[in-house]
Amino acid sequence: MKKSLFIFLFALVISTVGYAQDYKPFQLYIGLGYAIPDGGGGILFDIEPAYRINDQIAVGLRYEAAVMAKNLGGGVEASASGVSSYTLNAKYYLGTSSFRPYIGAGLGIYTMGTVEASSGGASADFGSKFGFYPRIGFDVGHFNVNLDYNIVPKYEENGAEVKNSYIGIRVGAFLFGGKN
């Protein structure tokens, strides 16, 4: 009986390890894209190290920097905004073929800075807020396409409401993390 149980457990462990090793566990994503805030646009860059728990689930950290031109209204003639974020995230892959769509989410700290210019002068404001993002995307080979909606609370500045949420569309590549 003990021998049968040992053989069964050994076979179970071997089959699980073999399944978990279809993809390398560590990934490093690097992406460049377009940021779409309310009333403007800009560019973004991100870098994201991740660890695959198994072939379907990856957890990671993301650093993102975005520079955007925004229309704030309220007599402001020009506005530039910068956002950097440090977030934790997770992705769930919906397949194991070479085309791998996924869904995911992340949350963390967003640091914003806004510089405004008008005929009356210029001003700058900086602050940090907690935010999160749902995301969808896909991997093909070592390339990645991703769409996320960064939801960051708004704030008031000089009587104008500053909206910080934005859509991020990016194309990138990843090192490591491909099929074994």
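The residue pairs whose first member lies in the range 14-33 and is under 18 Å from S97 (Cβ atoms) and of a type in the set (F, W, Y), whose second member is modelled with pLDDT of 75 or more and surrounded by 13 or more Cβ atoms within 10 Å (Cβ to Cβ), and whose beta carbons are closer than 7 Å, counting only pairs six or more residues apart or on different chains, are Y23/R52; Y23/D55.
Among the residues of the range 19-40, the ones that are modelled with pLDDT under 80 and of a type outside the set (S, T, N, Q) come to 5 in all.
Keeping to the range 125-153, report how many residues are within 10 Å of the chain's Cα centre (by Cα) and of a type outside the set (F, W, Y).
So the first thing to find is which residues in the range 125-153 are within 10 Å of the chain's Cα centre (by Cα), and the list is 132-136, 146-150.
Imposing the further condition that a residue be of a type outside the set (F, W, Y) reduces the set to 134-136, 146-148, 150.
Number of matching residues: 7.
Among the residues of the range 100-154, those identified as assigned to a strand (DSSP E or B), small (G, A, S) and at pLDDT below 90 are G113, A117, S118, G121, A122, S123, A124, G127.
Screening T16 on (1) within 30 Å of V140 (Cβ to Cβ); (2) at pLDDT 75 or above shows it passes everything except condition (2). Looking only at the range 41-56, residues that are among the β-branched types (V, I, T), at pLDDT 95 or above and within 22 Å of F99 (Cα to Cα) come to 1 in all.
The values are calculated or read from the model by the stated rules, or taken from the named source; none is laboratory data. Just so we're clear, the structure is a prediction, and the values are computed from it rather than from any experiment. For neighbour counting, all protein chains shown are included, and Cβ atoms are generated from backbone atoms with ideal geometry for every residue, glycine included.
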